[in-house]
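**Student:** Sending over a structure as structure tokens; questions will come in a sec.
Just so you know, all these numbers are worked out from the coordinates, no wet-lab data involved. Quick caveat, the model's predicted, so the values are computed rather than measured. So basically every Cβ, Gly included, is an ideal-geometry build from the backbone, and we count neighbours across all protein chains shown.
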Amino acid sequence: MSTRDYSSLVEQIPSLEEEDSALLQRQKIPLALAGLRLDQALVALFDSFSRSRLQHWIKSGQVRLNGQLAHAKTTVWNEDWVEVQVPPEHEATAVAAQPMALRWVYQDDVLGVLHKPAGLIVHPGNGHASGTLQNGLLYELPHLAALPRCGIVHRLDKDTSGLMVVARTLGAHAALVAQLQARSVHRHYWALVQGRVLQDGTVEAPVGRHPIQRTRMAVVSGGRRAVTHYRVLERLPHHTLLECRLETGRTHQIRVHMQHLGFPLAADPVYGGRANALDVGSQQALLQFGRQALHAFHLGLVHPETNAPLQVEIPMEPDMEQLIALLRHAQAR
């Protein structure tokens with residue numbers, strides 16, 4: 001995909017020197033959100049931004065519905081277009097730059113691909129104002145403060161390890177966001193799930209906030225379209241190692257989809273099942289693992305400047321390798 005192809009998704013991006021530089025994000029209202037208020041639909045469509053921030057942008061005229069200014073209570077319908085003018089991360093100046101040993105796998109002047117370890121939070125949030133990936137990026141690359149979300153265009157859960165791409169220029173950020181919207185970024189994960197999966201398959205089930213437990217996600221009728229493709233790599237006595245490929249990128253998507261199938265991720269503290277039927281050694285190994293067994297090992301995209309394919313892969317994390325090795329010999333009680 002060339003940069004010219006992005007024009008239908010992302011309009012012209014002002015230069016970094018312009019103080020009011022911003023990124024225009026456009027989304028079409030899906031049928032599942034038809035009939036909602038504009039502010040409610042925005043929360044579902046742009047879940048990387050808080051409800052209060054989106055409401056502020058509506059009031060300040062940074063949101064348009066079908067090209068027109070709209071109110072928070074305006075009803076939206078299927079096929080409507082909503083546009084959100086996302087300002088640079090002005091609050092980035094309030095985020096402390098902190099030294100951090102970032103593991104870069106690929107770097108150039110336009111973008112970088114890094115290996116995020118398990119346990120590292122991507123963005124500051126409630127209770128986590130420091131020690132995040134964004135803190136480390138601002139220390140190593142201070143100019144990223146001028147970019148939306150400091151160049152971060154997609155996320156990994158705190159306890160998911162693996163590859164993330166970070167834009168280093170505003171143009172690269174716009175191009176990478178456009179690729180994500182066009183579903184042309186290839187993200188492959190190794191996922192160790194409970195149970196024996198018999199064959200390859202695809203999960204297409206909408207994902208949204210859990211109707212009762214709001215800190216969790218779930219397959220819900222009014223959720224956003226979510227598609228996960230999976231392939232069986234190895235069947236263990238009581239687990240299966242899968243390769244999962246994201247077609248969409250919803251919050252906790254693989255974890256929610258695998259639980260929906262009845263094969264939750266091993267050791268997942270939120271969506272996982274109980275392993276009481278396993279021998280004591282296997283149970284202890286799963287408890288000590290301390291995170292969901294999920295690792296983003298492959299990232300493929302089109303370089304925003306050269307238009308050449310860029311593919312990066314990393315090996316499996318040692319802790320996940322060790323867990324799989326032990327579970328190959330797991331016994332049922």
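**Student:** Counting other beta carbons within 10 Å of each Cβ, put Tyr189, Tyr271, Tyr139 in order, fewest first.
**Tutor:** On the way: Tyr189 23, Tyr271 19, Tyr139 14.
In order of increasing Cβ crowding within 10 Å: Tyr139, Tyr271, Tyr189.
**Student:** Do the sum for the chain: with -39,500 (n - 2.57) for every DSSP H run of n ≥ 4, divided by all residues, what is the mean residue ellipticity at 222 nm, to the nearest 500 deg cm²/dmol?
**Tutor:** -5500 deg cm²/dmol
**Student:** How high is the FRET efficiency from Trp77 to Arg51, r the C-beta distance, R0 25 Å, rounded to 0.05?
**Tutor:** 0.75
**Student:** How high is the relative contact order of the chain? Use alpha-carbon pairs under 8 Å, at least six apart in sequence, and give a whole percent.
**Tutor:** About 15 percent, as a whole number.
**Student:** Once you put a point 7 Å from the Cα of Lys28 and another 7 Å from the Cα of Glu321, both along the Cβ direction, what distance in nm separates them?
**Tutor:** 4.5
**Student:** Let me ask something else about it. Between Tyr106 and Arg196, how many nm apart are label points set 7 Å from Cα along the C-beta direction?
**Tutor:** 3.9
**Student:** Shifting gears a bit: Excluding the sites themselves, what is the longest stretch of the chain that contains no GluC sites (Glu not before Pro) in a DSSP loop with at most 12 other C-beta atoms within 10 Å?
**Tutor:** Free of exposed loop sites, the longest segment is 80-333.
**Student:** Further question: Say a paramagnetic label sat at a point 7 Å from the Cα of Val280, along Cα to Cβ; which residues of the range 317-333 have their backbone N under 20 Å from it?
**Tutor:** 326-333
**Student:** Once you have the Cα-Cα distance between His186 and Ser221, take 0.36 nm times their residue separation minus that, and quote the gain in nm to one decimal. Spell out each step's value before the answer.
**Tutor:** On the way: separation 35, 0.36 × 35 = 12.60 nm, distance 2.63 nm.
Contour length minus the Cα-Cα distance gives 10.0 nm.
**Student:** Using a cut-off of 21 Å between alpha-carbon atoms, which lysines can reach Lys73, once sequence neighbours fewer than 8 places away in the same chain are excluded?
**Tutor:** Hits, sequence-local ones excluded: Lys28, Lys59.
**Student:** For a footprinting-style exposure proxy, rank Val232, Val113 by other Cβ within 10 Å, fewest first.
**Tutor:** Val232, Val113
**Student:** For the chain, what is the percent of antiparallel DSSP beta bridges, rounded to the nearest 5?
**Tutor:** Bridges in the chain that DSSP calls antiparallel: roughly 95 percent.
**Student:** Provide the gained length on full extension for the span Thr306 to Val232, in nm with one decimal, where the gain is 0.36 nm per separating residue minus the Cα-Cα distance. Mind showing how you got there, number by number?
**Tutor:** Working: separation 74, 0.36 × 74 = 26.64 nm, distance 3.47 nm.
Gain on stretching Thr306 to Val232: 23.2 nm.
**Student:** For each of Lys158, Lys116, Lys73, count neighbouring Cβ atoms within 10 Å of the residue's Cβ, then give the residues from fewest to most.
**Tutor:** Lys73, Lys158, Lys116
**Student:** Name the residue farthest towards the positive end of the dipole of the chain from the options Gly195, Leu236, Leu163, assuming +1 on Cβ of Lys and Arg, -1 on Cβ of Asp and Glu, about the Cα centre.
**Tutor:** Result: Gly195, furthest along the dipole toward the positive end.
**Student:** While we're looking at this one, here's another question. How far apart, in nanometres, would the label points at Arg328 and Lys59 be if each is projected 7 angstrom from Cα along the Cα-to-Cβ direction?
**Tutor:** With each label point 7 Å from Cα toward Cβ, the separation is 5.9 nm.
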